[in-house]
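Take a look at the structure set out below.
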Amino acid sequence: TNVPATVIIGSVLNSNLALGGRAPGSLGGLAIGGALFNSLGTMQITSAQIIGNVAQGAPALGGGIYNGNLAAGTTPVITMGASVVLGNVAVSSGSGIGGGIYTLGTFYVPTPPPFQLGNRILGNAATTSNPNVFGVLTPL
């Protein structure tokens, strides 16, 4: 059986910040995953609240959740059920994308968004595009 490397059950992830570094004369550095960052493994999220988190940088990707591989080789996987992704922000003076979720990996949900068997992905913001979800959420 394939057991997730990270399991999050019944947790509240609130008011976290992923802040990109700044160099003189730049827009700032990469900021990804205000609350959660999954790059190489598998993650299961159940009955969690991911609320009011921020990714701030240039670019800023995934104010609430980032699911993507920064290097070639493996595809990260998240399975999320009965959870809330609300009020997260990807903010940038460059590209702020995917306020709630930014995924280039595999992201499973019970049925299509915004309401899937208890999942709620809404009320998020991004300065450039895709305020709630950037990428594909795959129904189980």
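Just one of the numbered conditions (1) in contact with a Lys or Arg (Cβ under 6 Å, 6 or more places away or on another chain); (2) open to solvent by less than 20 Å² (accessible area, probe 1.4 Å); (3) not basic (Lys, Arg) is not true of Tyr66: (1).
Answer with yes or no whether Thr138 is modelled with pLDDT of 95 or more and either on the phi < 0 side of the Ramachandran plot or open to solvent by less than 60 Å² (accessible area, probe 1.4 Å) (or both). Please lay out each step first, then the result.
Details: modelled with pLDDT of 95 or more: no; either on the phi < 0 side of the Ramachandran plot or open to solvent by less than 60 Å² (accessible area, probe 1.4 Å) (or both): yes.
No.
With respect to (1) surrounded by fewer than 23 Cβ atoms within 10 Å (Cβ to Cβ); (2) closer than 15 Å to Ala35 by Cα, the lone exception for Ala71 is condition (2). Those strands (runs of 3 or more DSSP E) of segment 8-50 in which 2 or more residues are at pLDDT below 95 occupy 42-46.
Which one of these is open to solvent by 10 Å² or more (accessible area, probe 1.4 Å) and closer than 19 Å to Gly135 by Cα: Val54, Val109, Val85, Val7?
Working: Val109 fails: open to solvent by 10 Å² or more (accessible area, probe 1.4 Å); Val85 fails: open to solvent by 10 Å² or more (accessible area, probe 1.4 Å); Val7 fails: closer than 19 Å to Gly135 by Cα.
Only one candidate passes the filter, namely Val54.
The values are calculated or read from the model by the stated rules, or taken from the named source; none is laboratory data. As the structure is a prediction and not an experimental result, all values here were calculated from the model. Don't worry about glycine lacking a Cβ; one is built from the backbone with ideal geometry, like all the others, and counts go over all protein chains shown. To get the accessible areas, we keep the full protein, side chains included, count just its heavy atoms, and leave off ligands, DNA and RNA. Shrake-Rupley method; radii C 1.70, N 1.55, O 1.52, S 1.80 Å.
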